[in-house]
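Undergrad: I have a structure here, written as structure tokens, and I will follow up with some questions on it.
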Amino acid sequence: MALPGPCAAILGLSPNPAPNRGPTLSGMRRGFGLQVVAVALLVIACTAGPSERPSAPATVSSAVSPGPTVAVSSTPAPTASASSAAEPLSTVHTTALGQLTGNWLFYGVQIPRPERNRIEIQIVAVPVGGGAAKTVVAFDAAIPTQGIFDNTPYLRRQFSPDGKRMVFSIDGQLVVIDLVTGQAKRLYLDLFEHRWNLAQGLYPSWSKDGSQIAFIFAEAINFAGRIGVMPAAGGSPRELAGEISAGRSLEWSPDGSRILFIRPGGDASFMAIMDVASGQVHVLPELAGSSSPWRARSPELAIAIQYCSEGYVGPGKQARIVTIDVLTDSVRTLVDVADPCAVGLGGLRWNPAVPDELLYIAAGVNNLETHVLNIATGKDTRLPISAYEATWTWDGSAVAYLAKSPGSSFGSAVRVWKRDGSGETELRRASGAEAFFSIASVSY
């Protein structure tokens, strides 16, 4: 079932808008439960980076800056096993960035291919302070007509903790890119039992301790999936028990011991936490939604919950932002929208410099509002920008975001807005058929 008219505006926040996906989750076998999950997942903004080390604000310059010089990485990539040794990947093209320093933005670009069922995916890096943009990874991808697929990489969760490697799902296989050297390495999934030969590895998420990569695996004909975990250096994947809702909501705990995911149910789905070592699952006392990064302090999580549907039993229409204390299961509602079918909530990001500040996006029918909410005082400030996706820079002094042109489904410009009110800078604008779909801020 399609979303009611006003709710279609929520799709503006999706990293995987409907024109480039297979059947929507609302038409899947889980009925209402997965329809809600689809809405919640679509409003999540693919932002924020892997490192919260503060750095000095970059000085904006309109001049083109030279690329970084090549040097040995201070954090060498782990040695690959024989099963995941580097090999030429003809469909993947990379540019070595050398030793990176300072503050950078990474964003995704989608470009149509001449073939009707193919697109090109590019990951581009640009200094926050302005300068030359570099396409660091490019690969072709299919546009399937059914099943689930990963055509708009979810950048925030795909960086290694040091920001120097990324993991992608390319044609259903996991591939690690070393940004310093440009080396591409396939992490094989065919070490599962024989039934895995038909499986895809989708929506990878790098653990915050750097040791593991979690992903969703699903057969192409199915819409639900299961959780797989494998060593970041390569090796045998491990299947974790329990079916999960198909989507990209795999969030690692800061210590790399647990994974937050969406557990499908009957009339509604709930957020759940799985212990990676034991496989034990703890269901949280809150409905499924798009989550903030999992932080080390309480409350650990913020969740944007979106239910907007007619004709189903279930929890009823609602659009809320809540915080959850993982240890006590205590829930606190921060934002409660009066008309949940008119406003979509998502893009939750903690300020790395001000712990009580939460960035979020409220998508209306004709507008995109960007807010900063202080969870301690309850003060909710609307920023003078209209962001399709947004994140903090890593000293908390600015918001980096994708702006969207009216009527478009993707972003059309990369901008940085200074928190002190001194203005904003547009770093790049889409040209031709380019469409921007994800943004991450990384500090080296």
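The values are calculated or read from the model by the stated rules, or taken from the named source; none is laboratory data. On a predicted model such as this, the values are computed, not experimentally measured, just so you know. Glycine also receives a Cβ, built like all others from the backbone with ideal geometry; neighbour counts cover every protein chain displayed. We work out accessible area using only protein heavy atoms, side chains counted, and drop any ligands, DNA or RNA first. Shrake-Rupley method; radii C 1.70, N 1.55, O 1.52, S 1.80 Å.
Okay, residues lined up against (1) of a type outside the set (A, V, I, L, M, F, W, C); (2) in contact (Cβ under 8 Å) with a residue 12 or more places away in the chain:
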site: 364; (1), (2): yes, yes
site: 386; (1), (2): yes, yes
site: 395; (1), (2): yes, yes
site: 400; (1), (2): no, yes
site: 406; (1), (2): yes, no
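Undergrad: Taking region 377-392, which residues are under 10 Å from residue 403 (Cβ atoms) and either aromatic (Phe, Trp, Tyr) or open to solvent by less than 10 Å² (accessible area, probe 1.4 Å) (or both)?
TA: Result: 387, 388, 389, 390.
Undergrad: Among residues belonging to region 312-328 that are open to solvent by 20 Å² or more (accessible area, probe 1.4 Å) and without any contact (Cβ under 8 Å) to a residue 40 or more places away in the chain, point out the one that is nearest to the chain's Cα centre (by Cα).
TA: Per the criteria, the residue is 320.
Undergrad: Taking region 253-287 only, how many residues are of a type in the set (Ser, Thr, Tyr) and open to solvent by 50 Å² or more (accessible area, probe 1.4 Å)?
TA: Total meeting the criteria: 1.
Undergrad: I would also like to ask the following. Out of everything in region 402-444 that is hydroxyl-bearing (Ser, Thr, Tyr) and part of a strand (DSSP E or B), what residue ends up being most open to solvent (accessible area, probe 1.4 Å)?
TA: Per the stated criteria, the residue is 425.
Undergrad: Anything in region 336-355 that is open to solvent by less than 20 Å² (accessible area, probe 1.4 Å) and either within 26 Å of residue 441 (Cα to Cα) or of a type in the set (Asp, Glu) (or both)? List them, or say none.
TA: 344, 345, 346, 347, 348, 349, 351
Undergrad: Look at residue 331 and say whether it is open to solvent by 30 Å² or more (accessible area, probe 1.4 Å) and at pLDDT 95 or above.
TA: Yes, satisfied.
Undergrad: Restricting to region 150-166, what's the tally of residues that are touching a Leu at 6+ places or on another chain (Cβ under 6 Å) and either in a strand (DSSP E or B) or aliphatic (A, V, I, L, M) (or both)?
TA: Matching residues across region 150-166 total 0.
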